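Novice: Please see the structure below; I have some questions.
The values are calculated or read from the model by the stated rules, or taken from the named source; none is laboratory data. As the structure is a prediction and not an experimental result, all values here were calculated from the model. We place every Cβ from the backbone using ideal geometry, glycine too, and count neighbours over all the protein chains shown. These accessible areas exclude ligands, DNA and RNA; they are computed on the full protein's heavy atoms, side chains included. Shrake-Rupley method; radii C 1.70, N 1.55, O 1.52, S 1.80 Å.
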Amino acid sequence: MIEKKVIIIGAGPAGLSCALYLKRAGLDPLLLEKSAPGGKLLNLAEVANYPGFGPTDGFTLAQAFVSGAEKQGVEVTAAEVVSVSFAAPYFEIRARAETYRSFAVVVASGLANVPSIPGEREHLQKGVSYCATCDGPLFRKKDVALYGEGEKAYEEGLYLANLVHTLYFLSPDSLTGATPLSQDLLSRANVVSYPNARILQIRGASAVESILFESNGIQKEVGIAAIFPLLGEKSASSFLSPLNLMLDRGFIPVDSNMMSSCSGLFAAGDIVKKNLRQVVTAASDGALASQGVLNYLRNQGVK
């Protein structure tokens, strides 16, 4: 069993930021990542709103994050975490090939988008996006579709409606429960809504060109340049099930120190319950979590 004072799960912007700050504070965190470092950045065709960088592709920005952390001595360990449990005073982190324990844990595992629509996986970064705020500006004045439900979908839809020519808003629900956000969105002249909808296929040769869908039992195909399928978005938090941890629809509520309801367990990035999920907010969460960890370890007498 490998023991560290703090273990960070996930090497996206939040995890890398947290590791960098902890390293500079004199700790040697263990940073675990099941795939390639960089997190959701690796799936973004363009990032144009990260301070200090002009428009760049997500991979390049991810490499900048990784390089900056490595220059401070941060190392990324390849490991897929399957469970986190607690038996005072240690957290036990089980990965597929190793078991670790630590006094504090930072969960920065982000979101897991599970492609479920025929053609969705094939068109990733080719017109399929899971972040309207990130990629919406790439499709300014074009026709796009959003597939989702609830307030999150309405918020993303309103952002897109201000940018695109036509927004096809498809929802599996009836769209009859009026809220201020839904009324604002569905009243827009450039928004065409389809209730009780189900997307049958995303079509296109080298990029998204159209979607085939069913709404109220009637099939229809519309031409689009992009689609934002939000229903497959899940928080990557299932490995936390052994803990007595408060979750909100899979996301982790935290305090101002980024600590969860489970003392010693911190969270940062997209897995946190919050209103805005961006690269810059993930990096900020990581920095805040590092300070929370330092204070927690100091209060626990861990040296």
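Novice: List pairs: first in region 130-157 and within 18 Å of Pro115 (Cα to Cα), second among the acidic types (Asp, Glu) and not in a helix (DSSP H, G or I), Cβ under 8 Å, 6+ apart or cross-chain?
Specialist: Going by the 8 Å Cβ cut-off, the qualifying pairs are Tyr130/Glu233; Asp135/Glu46; Glu149/Asp173.
Novice: If the requirement is being at positive phi and surrounded by fewer than 18 Cβ atoms within 10 Å (Cβ to Cβ), which of these qualifies: Lys152, Lys126, Lys141? Walk me through it before giving the result.
Specialist: Working: Lys152 fails: at positive phi; Lys126 fails: at positive phi.
Within the list Lys152, Lys126, Lys141, the selection yields Lys141.
Novice: Considering region 108-138 alone, what residues qualify as being of a type in the set (A, V, I, L, M) and in contact with a helix residue (DSSP H, G or I) (Cβ under 6 Å, 6 or more places away or on another chain)? Steps first, answer last, please.
Specialist: Restricting attention to region 108-138, the residues satisfying the condition of being of a type in the set (A, V, I, L, M) are 108, 111-112, 114, 117, 124, 128, 132, 138.
Those that are of a type in the set (A, V, I, L, M) and in contact with a helix residue (DSSP H, G or I) (Cβ under 6 Å, 6 or more places away or on another chain): Ala108, Leu111, Ala132.
Novice: Where the second residue is open to solvent by 50 Å² or more (accessible area, probe 1.4 Å) and the first is within 20 Å of Asn299 (Cβ to Cβ) and lies in region 83-95, which pairs have Cβ atoms under 6 Å and are six or more apart or on separate chains?
Specialist: Close Cβ pairs satisfying both conditions: Tyr90/Arg101.
Novice: Go through region 209-264 and give me each residue that's at pLDDT below 95, open to solvent by 40 Å² or more (accessible area, probe 1.4 Å) and not in a loop (DSSP other than H, G, I, E, B).
Specialist: Answer for region 209-264, where residues must be at pLDDT below 95, open to solvent by 40 Å² or more (accessible area, probe 1.4 Å) and not in a loop (DSSP other than H, G, I, E, B): Glu233, Lys234, Ser238, Asp248.
Novice: Mind listing just one residue for me: the one in region 59-78 that is assigned to a helix (DSSP H, G or I) and in contact (Cβ under 8 Å) with a residue 12 or more places away in the chain and, of those, surrounded by the fewest Cβ atoms within 10 Å (Cβ to Cβ)? Give the derivation first.
Specialist: So the first thing to find is which residues in region 59-78 are assigned to a helix (DSSP H, G or I), and the list is 59-70.
Filter once more, keeping what is in contact (Cβ under 8 Å) with a residue 12 or more places away in the chain: 59, 61-63, 65-66, 68-69.
Values: Phe59: 17, Leu61: 20, Ala62: 25, Gln63: 16, Phe65: 24, Val66: 18, Gly68: 13, Ala69: 23.
Across region 59-78, the extreme among qualifying residues is Gly68.
Novice: Here is a follow-up. Please work out if Phe91 is surrounded by 15 or more Cβ atoms within 10 Å (Cβ to Cβ) and touching a Gly at 6+ places or on another chain (Cβ under 7 Å).
Specialist: So Phe91 fits the description; yes.
Novice: Let me ask you something else. In this structure, is Gly39 closer than 21 Å to Val114 by Cβ, under 21 Å from the mean Cα position of the chain (by Cα) and at pLDDT 95 or above?
Specialist: no
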